[in-house]
């Protein structure tokens, strides 16, 4: 759930469709704390929801985030706060429910590079301090990093730093493309060789330290055959099936996932099942790009062309192959 | 609809005929290995008593307390997270990066 579109960072790889807009923390459409609780209860009527990820923008910009998390935890839901970590203070942490997991972003062990990717000077020091505080408060922590051309070389050290800060899991996603960030694609998309080196390093860290490492944004086998990595957990788009990952916007609109700007429906006026069972919703995930029809790789059915949301954002249709594939293979 | 709540039970990892099973009481369930579940990790746990988290009819985690998994973008499909970071390794890395001046002392 994106509780706000506002963000104090300007990440180079940000795929959000509103990345060029300086969104306010609250606008007249922003759901209140009570409306968020009502809306999540409504969703639970239709689906066995177990976890809610509170994201943004930067969710900690909302002053009532700890109370939103407390409301949802009281409903028996697991809460993950997806944050830069830079705004975590002792005062704030004391207000969060004890089982909250904080997923913090760390882009490099090099502070200067982290700041460059985050688009904010001084961010690295604040992130490190914030995460250190969360660890001191005994919250569960996970490291999240987006692999791009600039930081693909120091993945092992970044995971080590995450473990040193008490992260118990790591998420290493390759950069995902969207239309607003296409002008930067040539600077940011790693070559297949760079991506492979990054995955080799993540595999090394996972096997050496026993940290679970997930690589959740799909890496099609025509880019790298991921079956060689025995310690990494690769994700594929659930395409509306088991483990589907819908995203609720700050204003109650339901989208297929956080990578997509497509509006499936309005949860303030419609039921969750009513929206997701619609033919138009199912059609979003159906197409298989023509290039992939002759693919004979065992992962073909999992892959189906990579991230359909990225294709839709960049080309206006999910029937084309993930734009990352062509960019990566030509980088 | 009643809320599904995770239940944590004690189970044992058993290896037989190149397959892995978890036994809870008298019931035995095969743990599918492959791309998302690493046989080498399960091998390390063979013979050990572990926490098994069950939600409805499904085993959702082995060897960890229940709680949120990694959630961002597309969720990883692996329901079996069997590794845990050794505290000693964490301390060594903490010291390394504190000495390097990256983590404030």
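The values are calculated or read from the model by the stated rules, or taken from the named source; none is laboratory data. Worth saying up front: this structure is predicted, and the values here are computed from it rather than measured. Cβ coordinates were reconstructed from backbone atoms using ideal geometry, including for glycine residues, and neighbour counts include every protein chain displayed.
Structure data summary
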{"quantity": "Top-ranked residue in the stretch A:56-87 [being part of a loop (DSSP other than H, G, I, E, B) and surrounded by 17 or more Cβ atoms within 10 Å (Cβ to Cβ); ranked as nearest to the other protein chains (Cβ to nearest Cβ)]", "calculated": "A:77"}
{"quantity": "Among the candidates B:7, B:22, residue that is farther than 26 Å from residue A:163 by Cβ, buried (at least 17 other Cβ atoms within 10 Å of the Cβ) and at pLDDT 60 or above", "calculated": "B:22"}
{"quantity": "Qualifying positions in the stretch A:97-152 - modelled with pLDDT of 95 or more, in a loop (DSSP other than H, G, I, E, B) and within 22 Å of residue A:210 (Cα to Cα)", "calculated": "A:106, A:107, A:108, A:109"}
{"quantity": "Filtered residues of the stretch A:12-50 (kept if within 19 Å of the chain's Cα centre (by Cα), within 14 Å of chain B (Cβ to nearest Cβ) and in contact (Cβ under 8 Å) with a residue 60 or more places away in the chain)", "calculated": "A:13, A:14, A:15, A:16"}
{"quantity": "Conditions (1) more than 10 Å from every other protein chain (Cβ to nearest Cβ); (2) within 30 Å of residue A:278 (Cα to Cα); (3) surrounded by 23 or more Cβ atoms within 10 Å (Cβ to Cβ); number of the one not met by residue A:53", "calculated": "(1)"}
{"quantity": "Filter result for residue B:28 (in contact with a strand residue (DSSP E or B) (Cβ under 8 Å, 6 or more places away or on another chain), more than 12 Å from chain A (Cβ to nearest Cβ) and at pLDDT 65 or above)", "calculated": "yes"}
{"quantity": "Qualifying residue in the stretch B:81-103 (condition: more than 9 Å from every other protein chain (Cβ to nearest Cβ), within 15 Å of the chain's Cα centre (by Cα) and modelled with pLDDT under 75)", "calculated": "no"}
{"quantity": "The stretch A:88-112, residues that are within 16 Å of residue A:135 (Cβ to Cβ), surrounded by fewer than 18 Cβ atoms within 10 Å (Cβ to Cβ) and more than 13 Å from chain B (Cβ to nearest Cβ)", "calculated": "A:89, A:90, A:92, A:94"}
{"quantity": "Those residues of the stretch A:297-318 which are within 23 Å of the chain's Cα centre (by Cα) and part of a loop (DSSP other than H, G, I, E, B), in sequence order", "calculated": "A:299, A:304, A:305, A:306, A:307, A:316, A:317, A:318"}
